[in-house]
Ligand SMILES: *Cc1c(COP(=O)(O)O)cnc(C)c1O
């Protein structure tokens, strides 16, 4: 099976398994653990922040960030296709007690005029803006990269109004690679940032939330509140350290295979995907012209040895990662071409 459902399917490397075996087993919730502390310091350094806190998932990191930024009852301004509004089950309101306003965007970047109009103070008649939320790379926008100039403008706007900015940087290292810069430069335009070790970086579990020391102190309390303290987390932190030290530099390889895949699909039917829109390791494709829905496509591809997830009625999301080389890409393209011919109904209707 060629698994293109997500980069979370990546297995730990041999170096990770070795590091896990020799990790410390301190109780991170009691006296602290040296390996966890090393990972947190490394993550803070790599994102240019003062401190970091190791968490079990990206979803929990986002939730803890919302809690730690405070302002219960305030409004979060966030691009309407964001992961937090679409895939985190409403924790933003039900747990963090925040309201939100989805701001329309283009390729994951909020319309800056609309964002400017939406920022407002708290008065006795309205909730003020509590937080501005960015996501880079943007998942639902097919791994689109927010340009640094966009992030800078959003951050400047936020600062004018004394509003903090959080960056959901689950794939920030993919963004940095695509921009030809560092995660630190990307995270510069945000007060807090979290990223996943468990995706393209191949670690089995974990995310790190980074920000100022005071912010991370508050985050540690909220992490405990939501059950995110992990006790003897040394072994998984050890894999995370290897992820940061060894796995970041190979990410452009996943971007290259994603582009190769998109180019192959485009050749089958130009309506499927425009390879120019593929900036990182996500390839969002439309199967509308086939006359068959994405869920049916997913089943058909599985029969042909390729796993892929539907992400909308007519859209599939393919994700390249460390276990996908040119051979797998080409085989997946052939499977798709075969399904398009055998199973697509649109041609017969025309
Ligand atoms: C994957 C992802 C998350 C959540 O991470 P989990 O570890 O799966 O909870 C959050 N935001 C974005 C943009 C993601 O892609």
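The values are calculated or read from the model by the stated rules, or taken from the named source; none is laboratory data. Bear in mind that the values here come from a model prediction, so they are computed numbers and not experimental data. Positions of Cβ are backbone-derived with ideal geometry, glycine not excepted, and every protein chain shown enters the neighbour counts.
Before moving on, here are some points about what is shown:
- Subset of segment 8-26 [outside any helix (DSSP H, G or I), away from the ligand (no atom under 16 Å from the Cβ) and surrounded by 15 or more Cβ atoms within 10 Å (Cβ to Cβ)]: 13, 23, 24, 26
- Out of 64, 36, 78, 95, one residue alone is crowded, with 16+ Cβ neighbours inside 10 Å, farther than 30 Å from residue 300 by Cβ and free of Cβ contacts under 8 Å to residues at least 60 places away in the same chain. It is 78.
- The condition (being modelled with pLDDT of 95 or more, under 21 Å from the mean Cα position of the chain (by Cα) and under 21 Å from residue 222 (Cα atoms)) is satisfied by just one residue among 43, 109: 43.
- Evaluation of residue 214 against (1) surrounded by fewer than 21 Cβ atoms within 10 Å (Cβ to Cβ); (2) closer than 30 Å to residue 69 by Cβ; (3) touching a residue at least 60 places away in the same chain (Cβ under 8 Å) (one fails), failing number: (3)
- The single condition from (1) within 12 Å of the ligand (Cβ to nearest atom); (2) in contact with a strand residue (DSSP E or B) (Cβ under 8 Å, 6 or more places away or on another chain) that residue 91 fails is (2).
- At least 2 residues being closer than 24 Å to residue 285 by Cα is the threshold, and among the helices (runs of 4 or more DSSP H) wholly inside segment 194-269 those reaching it are 251-268.
- Tally, over segment 123-149, of residues that are more than 16 Å from the ligand (Cβ to nearest atom), in contact with a strand residue (DSSP E or B) (Cβ under 9 Å, 6 or more places away or on another chain) and more than 21 Å from residue 215 (Cβ to Cβ): 3
- Residue that is modelled with the lowest pLDDT, among those in segment 318-350 that are touching a helix residue (DSSP H, G or I) at 6+ places or on another chain (Cβ under 6 Å) and assigned to a loop (DSSP other than H, G, I, E, B): 344
- Residue tally, condition within 16 Å of the ligand (Cβ to nearest atom) and either modelled with pLDDT under 95 or not in a loop (DSSP other than H, G, I, E, B) (or both), over segment 160-182: 11
- Residue within segment 233-243 that is within 16 Å of the ligand (Cβ to nearest atom) and under 20 Å from residue 181 (Cα atoms) present: yes
- Among the candidates 89, 55, residue that is in the same structural domain as residue 113 (by TED's automatic domain parsing), over 21 Å from residue 151 (Cβ atoms) and crowded, with 24+ Cβ neighbours inside 10 Å: 55
- Residues considered: 148, 251. Of these, the only one that is farther than 30 Å from residue 337 by Cα, in contact with a helix residue (DSSP H, G or I) (Cβ under 7 Å, 6 or more places away or on another chain) and at pLDDT 95 or above is 148.
- Some residue of segment 278-288 being outside the structural domain of residue 142 (by TED's automatic domain parsing), assigned to a helix (DSSP H, G or I), within 22 Å of the chain's Cα centre (by Cα) and at pLDDT 95 or above: no
- Conditions (1) touching a strand residue (DSSP E or B) at 6+ places or on another chain (Cβ under 7 Å); (2) farther than 30 Å from residue 330 by Cβ; number of the one not met by residue 181: (1)
- Matching residues in segment 221-240 - criterion: being touching a helix residue (DSSP H, G or I) at 6+ places or on another chain (Cβ under 7 Å) and farther than 11 Å from residue 54 by Cα: 222, 226, 235, 238, 239
- Count - residues of segment 41-77 that are more than 16 Å from the ligand (Cβ to nearest atom) and within 20 Å of residue 237 (Cβ to Cβ): 8
- Scanning segment 78-88 for residues that are within 12 Å of the ligand (Cβ to nearest atom) and touching a helix residue (DSSP H, G or I) at 6+ places or on another chain (Cβ under 9 Å) yields a count of 7.
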